[in-house]
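Here is the structure we will look at, set down as structure tokens.
The values are calculated or read from the model by the stated rules, or taken from the named source; none is laboratory data. In this text, all values refer to a predicted model and were calculated from it rather than measured experimentally. Quick reminder, even Gly has a Cβ in these numbers, built from the backbone with ideal geometry, and neighbours come from all protein chains shown.
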Amino acid sequence: MISGETVETACSQVGELTDEQMAGEFDRFFRAQPGICEFIVELTQESGQNVQELALFLSYMVFKTIETSQPSPVRNVTHDDIETAYRETETWMNRVGEAEGTELHDAIVQSLQKDTEPYLLQYVISELNEPMHSGVELTDEEKGEVFFVIKTVISSLCGRRIIEVD
């Protein structure tokens, strides 16, 4: 499991990057995880630029945090990994969506406690609740869409602790 300290370290490292360095980091992420990037673009293509950019940025942050947490490089996630994670996320969202009122809050808290990467999910939730740098606020539906995408990305990358083996 990735610690809260590792999430903070990755955020701090990214916060110190110049715009040029950040562009290089995104290029590196796109080359390292083309399947994830294609998945995000396909799933968010009709959702608007803000949703797509936020989903790509948060996916990069998840990737960077995982990189920071382990000595081995993160393995290229396959289409099958993403498809499996997508189905798992869909099931999770349906279960949470069936709850109402206080049950909903309890279901979310219980799910986060059982999740393999609660600190990554907490980071994503906090970012979704922050105003975007562009000043544009996402609707609750858009936030839900980004959360679904990022939960799938986290499951793809962390669900089975996918790392390179020499």
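Scanning the stretch 106-119 for residues that are modelled with pLDDT under 85, surrounded by 12 or more Cβ atoms within 10 Å (Cβ to Cβ) and part of a helix (DSSP H, G or I) returns A107, I108, Q110, S111, L112, P118. Within the stretch 1-34, the set of residues being under 14 Å from the mean Cα position of the chain (by Cα) and under 18 Å from E83 (Cα atoms) comprises just one member, Q33.
Among the residues that make up the stretch 14-31, is at least one of them in contact with a helix residue (DSSP H, G or I) (Cβ under 9 Å, 6 or more places away or on another chain), in a helix (DSSP H, G or I) and under 19 Å from Q122 (Cα atoms)? Yes, because at least one residue in the stretch 14-31 is in contact with a helix residue (DSSP H, G or I) (Cβ under 9 Å, 6 or more places away or on another chain), in a helix (DSSP H, G or I) and under 19 Å from Q122 (Cα atoms). All conditions in (1) more than 16 Å from F148 (Cβ to Cβ); (2) in a helix (DSSP H, G or I); (3) in contact with a helix residue (DSSP H, G or I) (Cβ under 7 Å, 6 or more places away or on another chain) hold for V77, with the sole exception of (2).
All of (1) closer than 22 Å to S126 by Cβ; (2) surrounded by fewer than 21 Cβ atoms within 10 Å (Cβ to Cβ); (3) in contact with a helix residue (DSSP H, G or I) (Cβ under 8 Å, 6 or more places away or on another chain); (4) modelled with pLDDT under 95 hold for E53 with one exception: (3).
Per-residue answers, yes or no, for (1) out of contact with any Gly (no Cβ under 6 Å at 6 or more places or on another chain); (2) surrounded by 15 or more Cβ atoms within 10 Å (Cβ to Cβ); (3) charged (D, E, K, R); (4) at pLDDT 60 or above:
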{"residue": "L121", "(1), (2), (3), (4)": "yes, yes, no, yes"}
{"residue": "S126", "(1), (2), (3), (4)": "yes, no, no, yes"}
{"residue": "N129", "(1), (2), (3), (4)": "yes, no, no, yes"}
{"residue": "E142", "(1), (2), (3), (4)": "yes, yes, yes, yes"}
{"residue": "T152", "(1), (2), (3), (4)": "yes, yes, no, yes"}
{"residue": "L157", "(1), (2), (3), (4)": "yes, yes, no, yes"}
{"residue": "R161", "(1), (2), (3), (4)": "yes, no, yes, no"}
{"residue": "E164", "(1), (2), (3), (4)": "yes, no, yes, no"}
